[in-house]
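Report on the structure given below.
Values in this text are rule-based calculations from the coordinates and carry no lab data. This structure is a prediction, so every number in the text was calculated from the model and none was measured. Cβ atoms come from the backbone with ideal geometry, glycine included; neighbour counts cover every protein chain shown.
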Amino acid sequence: MVDDETLALDAVAAAGPGGSLLGQDHTRRHAHEAGRDGLMNRDPYETWRALGSRDLAARADERVAELLGSYTAPDDLDALTLRQLEEYCLA
């Protein structure tokens, strides 16, 4: 879901041009969510090596493949919108 909280526009505005988001309350509230995506590996080095030493790019590629494999196209788009969307995505 995208809303004002997920967009963090207030935090971006408070940081200002060239500012840092790290000190913003929004960042502190949501920092724990960064590890929930499954991409970051928090295992000890030895465990990481034993599991194949997959780096962030490899794990991201796998996640993209999972998401694309489970994608179901909406069935309520009219033909024109669907064609335009496909043209845009494939451009």
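Put the Cα centre of the stretch 15-33 next to the Cα centre of the stretch 54-91 and the gap is 30 Å. The string of couplings for the stretch 72-85 from the Karplus curve (6.51, -1.76, 1.60, θ = phi - 60°) is 10, 5, x, 9, 10, 8, 6, 4, 5, 4, 4, 4, 5, 5 Hz, one whole number per residue in order, with x for Gly and Pro.
Using the Kirkwood radius over Cα pairs, work out the Stokes-Einstein diffusion coefficient for the chain at 25 °C and 0.890 mPa s, in µm²/s as a whole number. My calculation gives 142 µm²/s for D.
Report the charge-dipole magnitude of the chain in Debye, nearest 20, computed about the Cα centre from +1 at each Lys and Arg Cβ and -1 at each Asp and Glu Cβ. Let's see the in-between values first.
Numbers: 9 positive and 18 negative charges, 115 e Å.
That gives the chain a dipole magnitude of about 560 debye.
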